[in-house]
Structures are given as structure tokens and as C-alpha cells.
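The values are calculated or read from the model by the stated rules, or taken from the named source; none is laboratory data. Since the model is a prediction, treat every value here as computed from it, not as a measurement. Heads up, the Cβs are rebuilt from the backbone with ideal geometry, glycines too, and the neighbour counts pull from every protein chain shown. Remember, those area values only see protein heavy atoms, side chains included, never the ligands or the DNA or RNA. Shrake-Rupley method; radii C 1.70, N 1.55, O 1.52, S 1.80 Å.
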Amino acid sequence: MSAAKSRSGFDIQLPRSLKAERRDDIALLRLARPQKRNAIDDPTVHGIERFFASLPDGIKAVVVHGEGEHFCSGLDLGELTARNVAEGIEHSRSWHRAFERIEFGRAPVVAVLHGAVVGGGLEIAAACHIRVAESSAYYALPEGSRGIFVGGGASVRLPRMIGTARMMDMMLTGRTYDAEEGQAIGISHYLVAPGAGLAKGLELAKRIAGNAPMTNFAVTHVLPRIAESDPASGYLTEALISAIAQGDDEAKARLKAFLEKRAPKTVRN
Ligand code: 1HE
């Protein structure tokens with residue numbers, strides 16, 4: 001464990017496999033165990049949970065990325081053989097807790113993907129809100145061939161992202177998607193050249209951080225719930241959150257700025 005505050009500005013203990021850095025209102029979390037291809041062991045999962053649970057107030061967006069040639073090789077397979085069934089359930093639930101902190105935490109999260117994004121690595125990526133892929137990225141669920149099943153939320157998040165049929169194919173046949181295919185089927189939102197991912201991720205994080213906090217909350221916490229609800233409940237919830245957002249002082253100031261021609265127009269990139 002290393003005390004994160006002195007070096008990085010975060011008041012938490014992180015394992016060696018995680019490195020945190022603060023750049024103004026953006027937090028960076030780096031998977032930093034390249035000698036094991038950023039395989040996720042128990043201390044790393046617990047570190048991820050603590051990091052996202054204790055983000056300081058001033059952090060408005062987070063970027064998650066990986067050190068070395070690969071984003072993440074998934075679960076640390078070395079730990080797996082030691083667990084019985086009850087421990088296996090608790091282990092999977094610990095991943096669920098950690099990744100829920102990513103998905104429903106206090107700030108939107110951008111994942112920057114490169115190299116292997118496999119198994120639990122794809123599960124981390126799926127819990128993030130925006131995914132930037134470098135062209136070296138590839139995606140797989142080797143659980144199928146290792147005699148196990150996903151345990152970090154993939155069976156909930158991936159069917160919503162790419163469809164149950166594609167996930168079945170990945171698990172049953174070991175199919176791998178390359179970065180371009182991943183972009184086409186909706187795994188990544190942005191596809192960039194090798195080495196350009198972090199800069200793109202930071203650029204997007206800065207844009208996200210510039211949004212009204214209530215909008216970011218509505219998009220990351222309320223929109224996914226509306227999308228999962230029946231239409232009637234969805235419309236009602238939308239009306240409520242929409243009224244809450246527009247009643248916020250920040251929204252009023254931004255609308256006034258546009259009407260007084262002080263705000264940028266919506267233009268083509
Ligand atoms: C590991 C792991 C790991 C590498 N657990 N130690 N994930 C997988 O099934 C993917 C397993 N890993 C691989 O297929 C390859 O390592 C990679 C394609 C990711 C990278 O290949 P490469 O040639 O760059 O590295 P390498 O030589 O295979 O690995 C370097 C070292 O990392 C080596 O250890 P060393 O002591 O011999 O140097 C590997 O053993 C080690 N290593 N990946 C442990 N995953 C909550 S459920 C989630 C379920 C899953 O995620 S299952 C999917 C697991």
C-alpha cells in the first residue's frame with residue numbers, strides 16, 4: 001500500500017497496482033501492474049472501490065487507463081484456484097461493488113483502452129461512461145475457454161452495450177473483436193491512433209467537467225435508470241429530472257449566457 005495523498009492529492013491508500021494523479025478537476029487512475037498485464041487481483045479491486053468511493057468534491061471527471069502494452073488482462077487467474085464456491089460468490093460481489101462505484105459514482109468516467117481489453121478488463125471498461133480506444137485495442141471474454149463465467153458485471157452490462165447474441169458468440173467461440181470492429185458494434189465511442197488515447201480521454205474529460213453538475217448527474221445516474229424502466233415511468237422520471245436540472249442556478253446562468261450571445265453555438269466538429 002502507498003499513501004496516495006502526498007504524491008497525488010488523494011487522501012486514500014492505494015495498492016501498488018494503482019496509481020492516482022490529479023490534474024485540476026480531473027482525476028486519473030492508472031492500472032499499474034504491467035508485469036502482469038494489469039491483471040486485477042483482490043487488492044486492486046478493493047483499491048478501485050476505495051478510489052471511486054472517496055473522490056474529492058472538486059473532481060468533475062475521471063480517466064481510467066492502463067500502463068504498458070495492454071489495458072487489462074482481466075481477473076488475476078493466479079488467485080482463482082484457491083477459492084471455494086462461497087468465496088467465489090463473495091469475490092464476484094466485490095467486483096460488482098467496485099464497478100458500481102465507477103458506474104454510479106460522483107463523476108463521469110472515461111476509459112482509455114489499448115492492447116488487450118479482456119475478461120475483467122472489458123468489465124471495467126463497460127462500467128465506465130465513455131470509452132476511447134486506440135487502434136491496438138482488442139476485446140475478448142476468455143472466461144469461456146478458461147472454464148469459468150464472467151463475474152464482474154459483464155452479463156448485465158455487455159448485453160446492453162453489444163447485445164446478448166454477440167456476448168454469447170464471444171464466450172462460446174472465443175471470438176475476438178479488434179478496435180475497428182469494437183467501434184462498429186458500440187464498445188468504444190472514439191477510435192484514435194496508437195498513443196493518442198490519453199490525450200483524447202483527457203480532452204473529453206475536460207469537456208465533461210465543464211458541464212453543469214446536475215446535467216452530469218442526470219446523464220450518469222438517471223438516464224440509465226430511465227432506459228431500464230417502462231415507458232410511462234420513464235417519461236415521468238424524465239419530466240422530474242428535467243425540471244430539477246433546469247431549476248438549478250447553473251442552468252439558468254447558462255441559458256442566460258446563450259440568450260445574451262455569450263455562449264458558444266452548437267456547430268459541426
Ligand atoms: C497474468 C494474467 C492474468 C497475464 N492473470 N497473470 N484473462 C485471460 O484469460 C487473459 C490471460 N492473459 C493473456 O492472454 C495474455 O497474458 C495477454 C494477451 C493479456 C498478454 O500477452 P503477453 O504475451 O503480452 O504477456 P504474457 O507473457 O502472457 O504475460 C506476462 C505475465 O503476466 C505472465 O506472468 P510471468 O510471471 O510468466 O511473467 C502471465 O502469466 C501474467 N498474466 N495475464 C494472472 N489474467 C470477475 S471475473 C473476471 C473473469 C476474467 O477476467 S477471466 C479472463 C482472464
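Residues in the stretch 113-125 that are open to solvent by 10 Å² or more (accessible area, probe 1.4 Å) and more than 8 Å from the ligand (Cβ to nearest atom): His114 alone. Please give the number of the condition Ile12 fails out of (1) modelled with pLDDT of 95 or more; (2) away from the ligand (no atom under 16 Å from the Cβ). Among (1) modelled with pLDDT of 95 or more; (2) away from the ligand (no atom under 16 Å from the Cβ), the lone unmet condition for Ile12 is (1).
Looking at the structure I just gave you, is Thr266 assigned to a loop (DSSP other than H, G, I, E, B) and out of contact with any Cys (no Cβ under 7 Å at 6 or more places or on another chain)?
The answer is yes for Thr266.
Within the stretch 238-268, being over 19 Å from Pro213 (Cβ atoms) and at pLDDT 95 or above holds for one residue alone: Ala239.
Test Leu141 against the stated conditions and say whether it is at pLDDT 95 or above, over 24 Å from Ala61 (Cβ atoms), crowded, with 23+ Cβ neighbours inside 10 Å and touching a strand residue (DSSP E or B) at 6+ places or on another chain (Cβ under 9 Å). For Leu141, the condition - at pLDDT 95 or above, over 24 Å from Ala61 (Cβ atoms), crowded, with 23+ Cβ neighbours inside 10 Å and touching a strand residue (DSSP E or B) at 6+ places or on another chain (Cβ under 9 Å) - is met. From the list Ala154, Ala107, the one residue that fits, being buried (at least 20 other Cβ atoms within 10 Å of the Cβ) and within 12 Å of the ligand (Cβ to nearest atom), is Ala154. Quick one: Glu21 ticks every box in (1) under 19 Å from Gly201 (Cα atoms); (2) surrounded by fewer than 18 Cβ atoms within 10 Å (Cβ to Cβ); (3) touching a Pro at 6+ places or on another chain (Cβ under 6 Å) bar one, so which box is it? Glu21 satisfies all of (1) under 19 Å from Gly201 (Cα atoms); (2) surrounded by fewer than 18 Cβ atoms within 10 Å (Cβ to Cβ); (3) touching a Pro at 6+ places or on another chain (Cβ under 6 Å) except (3).
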